[in-house]
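The values are calculated or read from the model by the stated rules, or taken from the named source; none is laboratory data. Note that this is a predicted model, so its numbers are computed, not measured. Cβ coordinates were reconstructed from backbone atoms using ideal geometry, including for glycine residues, and neighbour counts include every protein chain displayed.
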Amino acid sequence: MADRRHKEAHARAAGAAGGAADGTTGAVRPRAAGASAGGVVPNSAGRGGDKARGAGVRLIGRNQSQFTSAARGRRRRAAGGEPDGALWAKLTPRDRLVLELVAEHHVLTTEQLRALVFPSMSRAQHRLLHLADLGVLWRTQPYRADGGSKPFHYLLGYRGAELRAAQDGTSPPRPSTHADRLRRILESPRLGHLLGVTQFFAELADYSRRAGLGGFAADERDFGREGLHTWRSEESITEFYCNKITPDGYGCWHENGRWLGFFLEHDTGTDPLRRVADKIDRYTGSGKPYTDRFDVARRLAGMVLIWTTSARREQGLRKALQAKHSPVPVATASREHGHLDGPAGEVWSVVTAVPEQARRVRLGELPTVIGGTTDDGTPRVLAELATRPPSPLDDDDDDEGAYLDGVTDEMREANRRGLDVGDIVLTDPDLDEDTTSHRTPTRQPWQRWRRPA
């Protein structure tokens, strides 16, 4: 009996200190509930107080969907299936740029992201690991066939895909669909080609930073910044030009006040030279049943750059290109040249009608070699084509010279004398000229896409 009275007295003392469960005077609300809560879930406060607070007490009222945390001021990460509205706010502008790059270009390595975005490798590794932990990115490290491991490959994580869908106003993919997409990218036979294209633009961005031109920034409307200004993927440019051209990428380079738009053809050495050279036909539309022979060329926003594997292959490719007589400026370079500045260095040579006149120039000097460019990077020879009306068919039965090319008198005279205006291979000079002025407005590829604010 004494033990029973002792236990009852101890229980009354504990109730006075902790507060009565029925809400009588002097009751103290459990600390985990908070002042703004409308109450607590029944029986949650009476079952081992500290244990309930440690596990998290569910609130009711307007905070019904929230949970408290064991640590004050620390927010619990959203559970599976719950949106995390604070995740986007946690991302820095640099994080958002990384998200956009990986979303558009599918897969990038640590070194490529460092060259494009980060000032040092240690900063890149630390931040990319953090983004992978958040689920914004997903990374893997493939094995090499000859032993060892390749660098980490970063792809879009599922939470990153959710953020992208929210920014675009679309529904996020199902987790299984997103997983299949990652698997297709990593198992694609074009993975090496895709990484090679990315490496080209990463080297340009790396040179921009080292030369003090400015790194690849998030705001493409900053026209005062020099270096690599724009980088679009194959899918973006193919869609922009309605599948009429399929370059491996599009870029815009700004140096010494000159702009140069270019379409990249990344040659891995696996295709025959004739097939690589035939890709130029798509840039003019000459291989298609168009009424206008230059239906595509008059709307292009840049020249064509072919980045090939070796000097020997480049030489054979140039011979095949010289027979094309394309109005679209084409320049070639070989990775074998090994210039310290990479593709920004003195490795490019414009294809000309007179091979002896060809010379190596830097990427930033190409606008002067091809006769100048406009303020948006379009070669002036293509801007001239855009002022001409669509060329009608003549009465000849053969296809040779069957279209009016719309070239100027200066270009015709230069071609008759065996010269080129700006080292550009011109078309047949004996065709009739149509001088009717007709301007076809052209939107630039970078104008179609905007990063979210």
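Can you name the number of the only condition in (1) of a type outside the set (Asp, Glu); (2) farther than 16 Å from MET303 by Cβ; (3) surrounded by fewer than 16 Cβ atoms within 10 Å (Cβ to Cβ) that GLY342 fails?
The failed condition is (3).
Would you point out the residue of segment 104-156, among those that are in a strand (DSSP E or B) and among the hydroxyl-bearing types (Ser, Thr, Tyr), that is modelled with the lowest pLDDT?
SER149
Could you check GLY287 against (1) surrounded by 21 or more Cβ atoms within 10 Å (Cβ to Cβ); (2) at pLDDT below 90 and say which number it fails?
(1)
Looking at (1) out of contact with any helix residue (DSSP H, G or I) (no Cβ under 6 Å at 6 or more places or on another chain); (2) crowded, with 17+ Cβ neighbours inside 10 Å, which is the only condition GLN125 fails?
With (1) out of contact with any helix residue (DSSP H, G or I) (no Cβ under 6 Å at 6 or more places or on another chain); (2) crowded, with 17+ Cβ neighbours inside 10 Å applied to GLN125, the lone miss is (2).
Filter segment 206-238 for residues that are among the hydrophobic types (A, V, I, L, M, F, W, C) and at pLDDT 85 or above and give the result.
Selection gives ALA211, LEU228, TRP231, ILE237.
Would you please name the residue that is modelled with the highest pLDDT, looking only at residues in segment 387-413 that are surrounded by 19 or more Cβ atoms within 10 Å (Cβ to Cβ) and hydrophobic (A, V, I, L, M, F, W, C)?
Filtering first and then ranking leaves MET411.
From THR140, THR177, THR170, grab the single residue that is in contact (Cβ under 8 Å) with a residue 24 or more places away in the chain and surrounded by fewer than 17 Cβ atoms within 10 Å (Cβ to Cβ).
On the way: THR177 fails: in contact (Cβ under 8 Å) with a residue 24 or more places away in the chain; THR170 fails: in contact (Cβ under 8 Å) with a residue 24 or more places away in the chain.
It is THR140.
Any idea which of (1) at pLDDT 90 or above; (2) surrounded by fewer than 19 Cβ atoms within 10 Å (Cβ to Cβ); (3) of a type in the set (A, V, I, L, M, F, W, C) is the one ALA331 doesn't satisfy?
Unmet condition: (2).
Which one of the conditions (1) among the small types (Gly, Ala, Ser); (2) modelled with pLDDT of 85 or more; (3) over 16 Å from VAL361 (Cα atoms); (4) under 25 Å from the mean Cα position of the chain (by Cα) does ALA277 fail to meet, given that it meets all the rest?
ALA277 satisfies every listed condition except (4).
For segment 346-367, how many residues are in a loop (DSSP other than H, G, I, E, B) and either without any contact (Cβ under 8 Å) to a residue 60 or more places away in the chain or of a type in the set (Lys, Arg) (or both)?
Selection size over segment 346-367: 5.
Would you check which residues across segment 161-198 are assigned to a helix (DSSP H, G or I), among the charged types (D, E, K, R) and over 21 Å from ALA86 (Cβ atoms) and list them?
Within segment 161-198, ASP180, ARG181, ARG183, ARG184, GLU187 qualify.
Assigned by TED's automatic domain parsing to the domain that holds GLY160, modelled with pLDDT under 95 and over 14 Å from the mean Cα position of the chain (by Cα) - does that describe any residue in segment 93-103?
Yes; the residues of segment 93-103 include at least one that is assigned by TED's automatic domain parsing to the domain that holds GLY160, modelled with pLDDT under 95 and over 14 Å from the mean Cα position of the chain (by Cα).
Conditions (1) of a type in the set (A, V, I, L, M); (2) within 15 Å of the chain's Cα centre (by Cα), marked per residue:
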| residue | (1), (2) |
| --- | --- |
| THR177 | no, no |
| LEU186 | yes, no |
| GLN199 | no, yes |
| ALA205 | yes, yes |
| SER208 | no, no |
| LEU213 | yes, no |
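Do you know which of the residues in segment 156-167 that are surrounded by fewer than 17 Cβ atoms within 10 Å (Cβ to Cβ) and touching a residue at least 40 places away in the same chain (Cβ under 8 Å) is farthest from HIS105 (Cα to Cα)?
Residue satisfying both the conditions and the ranking: ALA166.
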